[in-house]
Amino acid sequence: MSKTPPAPPPAPPPAPPPAPHVLTGELARVRVAIARAKDDLAQDRMPDLADLRSMVAGVCATALHGAESGGAPDPAKASALEALLAELEVLEDEVRKFRDRLAKQGRG
């Protein structure tokens, strides 16, 4: 008399793709954060790029989740995300130059 183990429970259904306004809101928050970081640099203050990178990673994760969940890709949002990533690269380069300048002045 052998007992068969019970069947595993069915896998939960995949999460629905994020609503379009979620990604739009996240993109807007990143744009504001980039503008603040640029303002910090203009006023000789070091911006917090770790938070900014985290925000960008969150936006990428939201976009990726939408794509993996069967959401239709939005070319405008993909283009906006690419532009934000390019802006972040430029900002990181500006921060490196700022750090170098501080180091040469003996303040970094």
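Observations, loosely collected:
- For the stretch 79-108, the tally of residues that are within 18 Å of Ser54 (Cβ to Cβ) and not in a helix (DSSP H, G or I) stands at 0.
- Scan of the stretch 39-55 for residues that are surrounded by 13 or more Cβ atoms within 10 Å (Cβ to Cβ) and assigned to a loop (DSSP other than H, G, I, E, B), ordered by number: Met46, Pro47, Asp48
Each value in this text was obtained by applying a stated rule to the coordinates, not by laboratory testing. Keep in mind that what you see is a predicted model, and the values were worked out from it rather than measured. Note that we place each Cβ from the backbone using ideal geometry, even for glycine, and neighbour counts take in every protein chain shown.
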